Every structure is written in structure tokens, then in C-alpha cells.
Amino acid sequence: MSTYLIKRLLMVFPTVFGAVTLVFFAIHLAPGDPIALYIPPDFPVDASPERIAELRARVGLDRPLHVQYVSFIAGIFQGDLGTSLHHRNPVAVGLLERLPATLELGILSLAIAVVLGVTVGIVSAIRRGTWLDNVAMTLALFGVSIPNFWLGMLLMQLVGLHWPILPPSGFGGSIFTAEGLRFALLPAITIGISGAGGLARYTRSSMLDVLNEDYVRTARSKGLSERIVVYKHALRNALIPIITLLGLSFGSMLSGAVIVETVFGWPGLGRYLVTGISNRDFPVVQGVVLVIAVGFVLANLITDLIYGFVDPRIRYE
Amino acid sequence: MSESVSPATGGDALRQSLQYRFWREIRGNRMAFASAIYLVLIVLVAIFGPIVYDVDPRLQTLANRLQPPSWEHPFGTDQFGRDVLSRILHGARISLFVGFAGAVGGVVFGTIIGLATGFWAGSWFDHLAMRIVDVMYAFPGILLAILIAAVLGPSLFNVIVALSIWGIPTLSRIVRGVVLSLREQEFIIASHSIGAGSARIMFRHLVVNAVGPIIVYATLSVAGSILTAAGLGFLGIGVPPPTPEWGAMLSDARNAIFRAPYLSYFPGAAIFLTVLAVNFVGDALRDAFDPRSEVRRMT
């Protein structure tokens with residue numbers, strides 16, 4: 001177990017390092033002058049070449065590429081993600097302020113997606129071929145196909161304005177308070193429904209695979225009730241591959257949050273990213289993308305570790 | 001040409017049976033059949049709609065701002081007084097084209113990378129390319145497309161580039177997997193032994209035999225590509241205004257959601273129904289190609 005743990009932990013570094021490198025080279029490989037991404041909003045349009053050269057030196061783009069790369073990496077390890085052109089404060093500070101709101105929304109969305117998706121998937125697999133299965137799988141495909149920001153706008157109109165059950169938008173503090181939870185529910189349901197579609201489809205096929213296994217036939221043939229066969233023998237084994245999906249789902253929850261936060265005015269990383277895009281504030285865009293990518297890699301690490309713990313047969317080769 | 005009918009190259013016999021299986025599956029599945037008809041209709045609407053309903057989608061009439069649907073403006077008007085129906089029809093051209101072109105880009109590059117890495121599996125090229133693909137997977141969902149579109153700046157072409165790169169990781173892994181399973185088979189070993197070149201084996205033998213999974217994932221990636229393009233448009237890094245695009249229309253609708261809720265219905269429904277239809281067809285094709293495979297790509 002401990003070698004598996006260490007090997008899996010060591011695998012994180014190349015991926016994180018690669019993600020950082022990819023973000024760095026995305027700027028430099030793109031056609032055009034990268035300085036265009038670092039021009040502050042109040043910079044005069046007809047700025048003289050000297051002022052642009054001065055800006056280039058200030059941002060550090062005048063140095064050789066390999067020096068820029070090393071200092072970019074060194075900066076990240078020291079928590080320096082650059083300075084926001086719009087807010088004029090360190091991007092790392094802006095990220096830390098907004099990270100908790102996004103994480104809380106992501107966790108609530110994931111909980112909704114898992115409960116909804118896994119339940120629908122199991123019911124579908126047990127009743128496969130019936131009308132219930134057909135309806136459930138059609139709904140799951142709806143969940144996969146609907147643009148989450150449109151779903152958010154519809155829910156907002158229906159549950160926020162037409163029947164004012166929940167606040168249509170805004171933020172009420174941490175989701176661990178009643179008021180905060182009320183505000184978080186609509187965006188979390190929006191993201192959760194989109195994620196539940198994929199999870200339901202995967203759970204169903206995982207469950208169907210297990211229901212065809214020999215040990216399920218053995219359990220049936222020794223006269224166990226269908227209930228025990230399904231819940232004790234099949235479900236426990238079907239859940240193992242689903243665990244690996246949780247890390248992936250957490251990633252899609254985060255990337256879903258990027259858009260849905262904008263719909264509901266949720267003050268998290270997604271809105272920071274989107275205002276960064278509209279203010280042409282590239283350091284902010286870069287910072288949010290990096291934080292989400294690293295968060296996603298860590299979420300996958302955690303699920304892999306849980307996976308190794310739940311199923312002792314799995315060992316990293 | 002005698003070589004095109006040999007079973008090893010796939011040839012007409014295989015292509016016919018694939019076509020037959022796809023067609024049988026589509027006809028046997030009511031939802032997929034209805035979806036295929038819907039997709040034909042939406043393409044016709046995109047081509048002929050703007051000709052039949054001849055209203056300028058960019059014409060701003062401020063006196064007509066935010067009007068609910070009426071005879072004159074069947075889908076109402078937006079906050080600039082522009083006709084929403086006309087914008088939906090012209091937007092269909094843009095959104096369908098961008099989604100399709102982005103998916104094609106991802107499929108072409110993904111297939112080439114998958115072929116090369118599968119064919120030379122274990123080589124330095126394979127290791128390098130697959131590590132890059134792993135790193136691209138570290139950017140979940142729409143994030144990779146956001147990064148690329150933000151770096152390149154908003155334009156129609158750049159959105160297609162962003163979507164193409166976004167599609168590469170999935171396609172290249174799938175094609176590589178198929179090639180790995182094919183390359184130890186006898187007909188490939190036989191081709192090597194009669195002195196066929198690498199390019200010939202890749203394009204005349206491997207691609208032909210991988211065409212089933214490629215078509216299935218190409219279809220599913222059209223759905224993902226339309227959805228992602230709409231997301232980029234909604235975020236303001238898609239096709240730039242005033243070009244009508246469904247995602248950007250939803251962004252306008254969000255800004256007027258309290259005054260004119262109907263603005264979001266039409267572009268949202270257009271994206272949703274189109275993506276849903278493509279997914280129904282893609283699912284049916286996958287069942288036709290491989291009845292056992294139920295594992296779906298997570299989006």
C-alpha cells in the first residue's frame with residue numbers, strides 16, 4: 001500500500017509541472033505579440049513604442065524565453081501568479097479570496113450530482129429495458145446535452161422569480177449556514193443536474209456489467225433474494241469503478257462552476273475568470289485556469305488513493 | 001483495382017456493412033431516427049431560413065427594444081431592438097458551422113496523433129505525445145478551450161482552433177487504443193512482411209479498420225463542440241459581436257433576464273435540441289458499432 005501511495009503521489013508532480021508549462025507556452029506559441037495580453041485597460045491606445053518597451057520590460061517579456069520560463073515556474077512555487085491588470089493586486093490574493101466560495105459550491109454540486117446520478121443509474125440498471133429505464137436514460141441524456149448556463153437561467157426564472165422559493169441570484173455567505181445554503185441551492189442544482197446525467201449513464205453500465213458476473217449468478221442460484229443480490233453483491237462491486245469517476249466529476253463541477261457562477265452572480269473563481277476575460281486581464285485568466293487544473297489533478301489523486309483503499313486488488317504498476 | 005476489395009484493406013465490403021449497421025440502428029431507434037430528421041431540418045433551416053425570412057439580424061431599432069413575441073417579430077426583439085428570429089436563423093449558420101468545423105479539426109488531428117502513437121507505440125514520440133495529452137486532460141471540461149480562446153482573442157477562426165485543440169486528447173487516446181489492438185493482427189503483420197511502408201499501413205489499413213469508433217466519437221464530439229462553442233460565446237470569447245451566435249445571444253438574454261425572460265428561451269432551446277439530437281444519433285451509432293460498449297465520455 002505504501003509503495004502505491006508514494007508512486008501515485010510522485011506522479012502528481014510531472015502533471016502539475018506539465019500543466020504550468022502548457023499555460024506558459026500557450027501565451028508564447030500563439031501568433032502575435034504576447035505583450036498584447038499584458039496591456040492595462042487604462043493604457044493609451046496610441047502609446048509610443050518607448051512606453052510599450054517600458055511595459056515589456058516591467059512585465060519581463062524582454063528577457064530570453066528560457067529565463068522567462070524559469071522565473072515563471074519559480075514565481076509559481078513562491079505563490080507569485082502575477083499582478084491583476086484591472087484590480088492591481090496580486091492574482092494569488094484574488095484567487096485565495098474567491099477559492100472557498102467555489103469549493104463550497106463544487107462540493108454541494110458534487111453531492112447533488114452523485115445522489116441523483118447514482119440513484120437513477122442503479123434504478124435504470126435494475127429495471128433495464130422497462131419504460132422506467134427508457135425515461136431515466138432519456139433524462140440523463142437531457143442532462144448531458146443541456147447547456148448548464150441555460151438550465152441555470154430557466155431555474156432562476158422558475159424557482160427564483162415565478163415561484164419565489166429560492167433567491168434568484170446572489171451570495172449569502174458560507175453554505176454551512178442556512179442563509180448561505182439558500183443562495184447556493186440554485187447554482188448547485190444547476191451544476192449538479194448537468195453532472196448527474198453523465199454519472200447516471202456510467203453507473204447504469206457499471207451496474208449492468210456487474211449484474212452479468214458469475215458471482216451474481218451464483219448468489220441468485222443459491223436462492224438469495226433479489227434485493228440482497230442487488231444491494232449486497234452487485235452494488236458494492238459496481239460502486240468501485242464509479243469512485244474513479246468522482247475525481248473526474250469534481251473537475252467538471254469546477255469547470256461548470258466557471259460558467260454557472262456568472263449566471264447567478266456567485267463570487268467565486270468562475271466570476272473572477274469571466275471578469276478577467278471581459279477586462280482583458282490575462283494574468284487573472286491564467287491564474288484561475290492554473291488553480292482549477294491543479295485542483296483537478298489533486299482531486300484525481302485523492303480518488304485514486306480512495307480507490308486503492310477500497311479495492312485492495314488495485315496496485316499501481 | 002484488385003487491392004481495394006481485399007478484406008485486409010477493408011474496402012467496399014466493410015464500408016457497406018458499417019453503413020448497413022449504422023442505418024439499421026438509426027431506423028430501429030425511434031429517438032435516433034427523429035433526431036436525424038431534426039438535424040437534416042436544422043441544417044436546411046440554417047441554409048434557407050435567412051433567405052426565406054429576410055430580416056437583417058444586425059439591424060438595431062432602439063424604438064423596438066425588448067418587445068415580446070408578436071406577428072411582426074415572432075421571437076421578439078433583444079435589448080438593441082434586433083429581431084431574435086432572424087438572429088436565431090443566422091446564428092444557426094454560425095453555431096452549426098463552428099461546432100462542426102471544431103469537431104472536424106479535433107477528429108483530424110486526434111486521428112493522426114492516435115495513429116502515429118499507436119503505430120510507433122513505445123517510441124519517444126509516443127511517450128512525448130501521450131504525456132502532452134495527459135497534461136491536456138488536466139484542464140477539465142471547457143477550461144482548455146477557455147485558455148486557448150483567451151490567448152488567441154475572439155474571432156470565428158480562433159474559436160474553431162480552440163475547439164479543435166480541445167477535441168484532440170479524447171480522439172487521440174481512442175484511436176491509439178484501436179490501433180494498439182489492431183497492430184498485432186495478422187493482416188497488419190502480413191502487410192509489414194510484404195514490405196508495405198508505414199504510411200501505407202497507417203492510412204490504407206489502420207484508418208479503414210478504425211473508422212467505426214472514429215465516426216462514433218466524431219459524432220459525439222460535434223455535440224461537445226457545439227456546447228463548448230456556446231459556452232465560449234456566453235463568456236464573451238467566442239465569435240465576436242455583432243455576429244449572431246446562440247451562446248452570445250444567451251449572454252445578452254442573461255443581462256435582460258428580469259425584464260425579458262423570453263429572450264433566453266429560443267437560443268437556449270436551439271442549442272439544447274441540436275446537441276440532444278446529435279447525442280441521440282451518436283449513441284445509436286455507438287450501439288451499432290459496439291453493442292457492448294456502454295462507457296460514455298464524461299462531459
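The values are calculated or read from the model by the stated rules, or taken from the named source; none is laboratory data. This is a predicted model, so every value here is computed, not measured. Here the Cβ positions follow ideal geometry from the backbone for every residue, glycine too, while neighbour counts run over all protein chains shown. Keep in mind that these areas ignore ligands, DNA and RNA; they rest on the heavy atoms of the full protein, side chains included. Shrake-Rupley method; radii C 1.70, N 1.55, O 1.52, S 1.80 Å.
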Karplus 3J(HN,Hα) series, Hz, for the stretch B:49-61 with 6.51 cos²θ - 1.76 cosθ + 1.60 (x for Gly, Pro)
x, x, 7, 5, 9, 8, 10, 5, x, 9, 5, 9, 10
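Averaged across the residues of B:264-273, what count of C-beta atoms belonging to other chains lies within 10 Å of each residue's C-beta? Intermediate results must be reported in sequence, preceding the final value.
On the way: counts 7, 4, 0, 2, 7, 3, 1, 5, 7, 2.
Mean number of neighbouring Cβ atoms from other chains: 4.
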Quick one: longest stretch of chain B between exposed loop GluC sites (Glu not before Pro), exposed meaning at most 14 other C-beta atoms within 10 Å and loop per DSSP?
B:185-299
Per residue of A:9-15, what is the mean number of Cβ atoms on other protein chains within 10 angstrom of that residue's Cβ?
1
Which FRET efficiency value, to the nearest 0.05, is calculated for residue B:269 and residue A:107 with the Förster distance at 25 angstrom and r the Cβ-Cβ distance?
0.20
Comparing B:27, B:259, B:176, which has the greatest mean-square fluctuation in the GNM of chain B with Cα pairs linked when under 10 Å apart?
B:259
Which whole-number percent is the relative contact order of the stretch A:99-310 (Cα, under 8 Å, 6+ apart)?
27
Suppose we compare each residue of the stretch A:142-158 in its chain alone and in the full protein complex with a 1.4 Å probe; which ones drop by at least 30 Å² of accessible area?
A:142, A:144, A:145, A:147, A:149, A:150, A:153, A:156, A:157
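Can you give the charge dipole size of chain A about its Cα centre, rounded to the nearest 20 debye, using +1 on the beta carbon of Lys and Arg and -1 on the beta carbon of Asp and Glu?
On the way: 23 positive and 20 negative charges, 241 e Å.
Computed charge dipole of chain A: roughly 1160 debye.
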Can you give the Rg/Rh ratio of the protein assembly as shown, where Rg is from the C-alpha atoms and Rh is the Kirkwood radius?
0.97
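Give the residue list of chymotrypsin sites (Phe, Trp or Tyr not before Pro) in the stretch A:214-317 that are DSSP loop and have at most 14 other beta-carbon atoms within 10 angstrom.
Details: sites: A:215, A:231, A:250, A:264, A:272, A:296, A:307, A:309, A:316; in loops: A:316.
Answer by residue number: A:316.
Taking the Cα centre of the protein assembly as shown as origin, work out the dipole magnitude from +1 charges on Lys and Arg Cβ and -1 charges on Asp and Glu Cβ, in debye rounded to 20. Don't skip to the end; give the middle numbers.
Values: 45 positive and 38 negative charges, 269 e Å.
Around 1280 debye, computed over the protein assembly as shown.
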Leading residue at positive end of dipole, the stretch A:13-77 (Cβ point charges), from A:69, A:17, A:38:
A:17
Note the full-extension length gain between residue A:17 and residue A:311 as 0.36 nm times their separation in residues minus their Cα-Cα distance, in nm to one decimal.
102.9 nm
